[in-house]
Every structure is written in structure tokens, then in C-alpha cells.
């Protein structure tokens, strides 16, 4: 089987993750709480931000590509609409690989529950928006 991936959708999905992160972690939303919970000063944030943003975008590109790839396979198996299969795939990937693993690691690192919820919510919003974009732009 030849897996088809819409590379424009992958790029837009990766960019959307940056938008979600900027909104999610903005100070009026969850940014102030998150920054206190991870104990980062504004100075630390500014110093580290350029490198962190490059890493975030690169990992988002990979994540969007994998999601598009798996959504295509899911659609070929289930034969629902591509949008439905992309969204369902995104939800299961978040639950099985991101959400629960994040909570598990946070338990071992004894992170505050609020931090786990903030980060898991960001990951859910990110992957579901990626899935929406990929699902609307069928290859």
C-alpha cells in the first residue's frame, strides 16, 4: 500500500501547534500558573525560548507527519470519512501515547497535578487541531 500524505497539511498542522502553544501558555491563559509550577523566571524563558521554539516546531513537524500517516492507514481500514478517521486517530494517539505517558512520568517526578493537567490539555488541544487540519486536507 502506498501511504499518501498531504505535506501542506503536515506543515499547517505543525504551525497550528505553535499557535496552540502560544495561546495555551500565554500569561492570561495558563502561562502564569505554568511558569510558577515549573519555576521559570521571565529571564530564563527569554534566554531559552529560541532553542525551545526550534525544538518545538521540529517535533511538531514529525508529530504531524506521523499523525497524517496513521490517519491514512486508519482511513483505509475503517473507510469512514477521512476527517472522522483523522480525529479518531488523533484522540487515540493522544490517549495512548501522550496523555497517559505524560501523567505517568509526572507521577514519578512528583509534579503537581495542576501542571500535569495544563500540559496534557495542551497536548490534547494540539493533536486534535492537527488532526482537524489533516482530516480536512485529505491527500
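The values are calculated or read from the model by the stated rules, or taken from the named source; none is laboratory data. Computed from a prediction, not measured in an experiment: that's the story for all the values here. With ideal geometry, Cβ positions are generated from the backbone for all residues, glycine too; neighbour counts draw on all protein chains shown.
Tabulated values for the structure
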item: Residue 16 being surrounded by fewer than 12 Cβ atoms within 10 Å (Cβ to Cβ) and either in contact with a helix residue (DSSP H, G or I) (Cβ under 6 Å, 6 or more places away or on another chain) or without any contact (Cβ under 8 Å) to a residue 24 or more places away in the chain (or both); result: no
item: So residue 91, is it over 19 Å from residue 17 (Cα atoms) and part of a helix (DSSP H, G or I); result: no
item: Condition met for residue 21 (surrounded by 13 or more Cβ atoms within 10 Å (Cβ to Cβ), touching a residue at least 60 places away in the same chain (Cβ under 8 Å), within 20 Å of residue 129 (Cα to Cα) and in contact with a helix residue (DSSP H, G or I) (Cβ under 9 Å, 6 or more places away or on another chain)); result: yes
item: Condition check for residue 28: in a helix (DSSP H, G or I) and modelled with pLDDT under 95; result: no
item: Single match in 129, 100, 87, 61 (criterion: at pLDDT below 95 and closer than 26 Å to residue 25 by Cα); result: 100
